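Below: one structure, written as structure tokens.
The values are calculated or read from the model by the stated rules, or taken from the named source; none is laboratory data. Because the structure is predicted, anything quoted here is derived from the model rather than measured. We place every Cβ from the backbone using ideal geometry, glycine too, and count neighbours over all the protein chains shown.
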């Protein structure tokens with residue numbers, strides 16, 4: 001990582017300096033994460049994998065430093081994308097943090113602006129991020145950033161009996177509801193197609209994944225991350241925080257679709273998230289992958305499937321499978337999306353402003 005300073009001119013009120021994080025400061029970044037998020041903080045293993053010692057896409061972390069300690073950060077990861085079917089570089093913002101003792105003083109605003117300038121100077125076409133409720137106002141106030149409609153959380157009961165029992169329903173009532181739920185949904189995942197298989201190691205498929213990413217991305221007319229082997233390896237296979245399950249669909253010419261899921265204990269029950277997917281444009285493809293992933297999740301004791309999507313992702317295929325929108329009062333959080341267009345690319349303004357143009361899943365963020 002280059003150590004060129006990106007700080008603006010000193011001001012009378014600014015008591016920190018803005019610079020690039022050094023690779024040997026993984027412990028300092030972990031300490032900042034702990035101060036901001038407590039038990040939900042990123043582990044030092046994750047910070048090393050994603051930021052200070054990443055073997056994946058180039059990543060640069062802009063930090064604010066005061067009295068020898070880190071008080072703010074904003075990471076930008078430079079990712080290969082397809083924009084209108086052509087290759088482009090796009091920057092993903094993650095790890096936006098401000099130490100609790102230094103909030104409301106302009107620290108977060110400054111590291112965002114520094115990261116934005118840093119990325120645009122390197123020619124990225126877009127910047128995008130999924131800010132939480134606390135950081136969203138900073139992006140809303142920025143003249144550079146635009147806010148897309150919230151990604152919708154959708155869910156499908158996988159084992160309604162277990163889900164309701166975990167939520168405290170009486171055994172008899174949850175059993176009856178579970179029987180009705182199985183009668184309605186279980187046929188969809190009882191017999192996954194033979195063309196879909198679960199794989200524990202994707203390294204042998206690297207060439208096929210590269211070809212699938214190019215095949216889909218070059219035909220996609222919007223904004224899509226290049227989901228090749230390099231992305232899948234970096235984002236999922238080498239992630240030290242989550243264990244993922246991989247489902248692939250094989251056609252006559254090789255891999256023609258994949259789906260990646262991850263489980264966690266949330267809301268008092270085991271939830272499986274449909275984190276990421278990419279499929280050749282066949283109507284039944286998503287349903288085939290979902291059937292295999294759902295069956296494996298139920299056998300693993302999960303009671304609920306979830307996903308977020310919007311814009312260009314195949315939402316209709318998920319809806320047809322049974323996923324329904326989760327009301328905001330039950331979702332627990334909102335999934336905001338913001339983007340900034342490089343002023344050097346005004347020809348992309350109309351495409352960037354169209355929500356339907358963005359292919360976004362949880363896989364495009366470091367959320368899960």
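Counting only residues that are farther than 30 Å from residue 120 by Cα and at pLDDT 85 or above, how many does segment 302-315 have?
Qualifying residue count for the region: 6.
Among (1) assigned by TED's automatic domain parsing to the domain that holds residue 235; (2) within 20 Å of the chain's Cα centre (by Cα); (3) farther than 30 Å from residue 43 by Cβ, there is one condition residue 357 misses while meeting the rest; what is its number?
Every condition holds for residue 357 apart from (1).
Can you spot a residue in segment 39-60 that is outside the structural domain of residue 239 (by TED's automatic domain parsing), part of a strand (DSSP E or B) and touching a strand residue (DSSP E or B) at 6+ places or on another chain (Cβ under 8 Å)?
The answer is yes; a qualifying residue exists.
Looking at residue 71, is it without any contact (Cβ under 8 Å) to a residue 40 or more places away in the chain and either buried (at least 18 other Cβ atoms within 10 Å of the Cβ) or under 30 Å from residue 312 (Cβ atoms) (or both)?
Against the criterion (without any contact (Cβ under 8 Å) to a residue 40 or more places away in the chain and either buried (at least 18 other Cβ atoms within 10 Å of the Cβ) or under 30 Å from residue 312 (Cβ atoms) (or both)), residue 71 does not qualify.
With the condition kept exactly as written, say whether any residue in segment 249-257 is surrounded by fewer than 23 Cβ atoms within 10 Å (Cβ to Cβ) and not in a strand (DSSP E or B).
Yes.
Give me the residue from segment 17-38 that is out of contact with any helix residue (DSSP H, G or I) (no Cβ under 8 Å at 6 or more places or on another chain) and part of a helix (DSSP H, G or I) and, out of that set, surrounded by the most Cβ atoms within 10 Å (Cβ to Cβ).
Restricting to residues being out of contact with any helix residue (DSSP H, G or I) (no Cβ under 8 Å at 6 or more places or on another chain) and part of a helix (DSSP H, G or I), the top hit is 32.
Can you tell me which residue in segment 130-156 is nearest to the chain's Cα centre (by Cα), limited to those that are closer than 19 Å to residue 350 by Cα and surrounded by 19 or more Cβ atoms within 10 Å (Cβ to Cβ)?
148
Residue by residue through segment 282-314, note down the ones that are in contact with a strand residue (DSSP E or B) (Cβ under 9 Å, 6 or more places away or on another chain) and either without any contact (Cβ under 8 Å) to a residue 12 or more places away in the chain or assigned to a loop (DSSP other than H, G, I, E, B) (or both).
Scanning segment 282-314 gives 282, 300, 301, 302, 303, 310, 312, 313, 314.
Consider residue 80 carefully, then state whether it is surrounded by fewer than 23 Cβ atoms within 10 Å (Cβ to Cβ), without any contact (Cβ under 8 Å) to a residue 24 or more places away in the chain and touching a strand residue (DSSP E or B) at 6+ places or on another chain (Cβ under 7 Å).
So residue 80 does not fit the description; no.
Only one residue in 331, 349, 354 is in contact (Cβ under 8 Å) with a residue 24 or more places away in the chain, out of contact with any helix residue (DSSP H, G or I) (no Cβ under 9 Å at 6 or more places or on another chain), within 30 Å of residue 122 (Cα to Cα) and surrounded by fewer than 19 Cβ atoms within 10 Å (Cβ to Cβ). Which one?
Just a single option satisfies the conditions, and that option is 354.
Only one residue in 236, 231 is under 21 Å from residue 215 (Cβ atoms), out of contact with any strand residue (DSSP E or B) (no Cβ under 6 Å at 6 or more places or on another chain), assigned by TED's automatic domain parsing to the domain that holds residue 159 and touching a residue at least 60 places away in the same chain (Cβ under 8 Å), so which one is that?
One residue alone meets the criteria, 231.
On the basis of being in the same structural domain as residue 224 (by TED's automatic domain parsing), surrounded by fewer than 23 Cβ atoms within 10 Å (Cβ to Cβ) and touching a strand residue (DSSP E or B) at 6+ places or on another chain (Cβ under 6 Å), does residue 275 make the cut?
Taking the combined requirement at face value, the residue does not satisfy it.
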